[in-house]
Structure formats: structure tokens, C-alpha cells
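Engineer: Have a look at this one before I ask anything.
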Amino acid sequence: EGGGGGGGAKWSEERFHSLPDGAATFPVPPDSPYHDVIPGGWAYTSNSEEEYPNGGVGSIYFDRDGNVVDYKRLLDETDRNCSGGRTPWGTWVSC
């Protein structure tokens, strides 16, 4: 336990990737499992330029006050994701 947004928050078991590159923020969508837990929350999503198998995409989730709530890997085992970003449709593209 410890870390994160206080209030008994727990550390994520997943490691945040190093060498972040293309990034964007997203509001937590209504169909997300986080929507009821952190209404008004948002996510910072970014690619990683790490080499295989550590590359990929990860998202840090925040509550409406900016406290870190969780971290999830969204894409694993890629090689040097040099960019990526938010699409006009509110999705993420990685390359």
C-alpha cells in the first residue's frame, strides 16, 4: 500500500513505461469501468519508445481533482513506438 492519490491508495502492479513519446489526455468515457469510480476523471495516455518487449502504450488515470487513481498498460510488447495520438473519434493510434 501507499503512493497514488492518498486515502489508502495502492501502487499499481504495472510499471510505467520509460521513454514516453506521443501523448494525449482523454475524459473517462461513460462505458469505462472507471466512470462510476472516478466521475469527471481523465486519463493521460502515451506511447513508449522502449525496445521490444518493453514498448507499448500506457494510461495513467486521474480523478477530477488530479489525484492518480490507477495505471494500466494498453498495448504490450511493441518495439520503439515512436509516436501516436488521439484521433478525432476519441480513440488512440500507435505507430
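Coordinate-derived values only; no laboratory data. Everything numeric in this text was worked out from a predicted model, so none of it was measured. Cβ: placed from backbone, ideal geometry, glycine included. Neighbour counts: every protein chain shown.
Engineer: Below 11 angstrom from the Cβ of Glu14, what's the summed charge of the other residues (Lys, Arg +1; Asp, Glu -1)?
Structural biologist: Combined, the nearby Lys, Arg, Asp and Glu give 0.
Engineer: What's the percent breakdown of Cα-Cα distances in the chain across 5 Å bins, shortest bin first?
Structural biologist: So the P(r) values, bin by bin, are 3, 15, 23, 22, 20, 13, 5, 0.
Engineer: Mind ordering 20-30, 45-55 by average Cβ neighbours within 10 Å, highest first?
Structural biologist: Listed from highest to lowest mean packing, they are 45-55, 20-30.
Engineer: Assign unit charges at the C-beta atoms only (+1 for Lys and Arg, -1 for Asp and Glu), then state the dipole size of the chain relative to its Cα centre in Debye, rounded to the nearest 20.
Structural biologist: 240 debye
Engineer: Hey, another quick one. What length, rounded to one decimal in nm, is gained on full extension from Arg86 through to Glu51, with 0.36 nm per residue of separation minus their alpha-carbon distance? Walk me through the intermediate numbers first.
Structural biologist: Values: separation 35, 0.36 × 35 = 12.60 nm, distance 2.24 nm.
Working it through step by step, the gained length comes to 10.4 nm.
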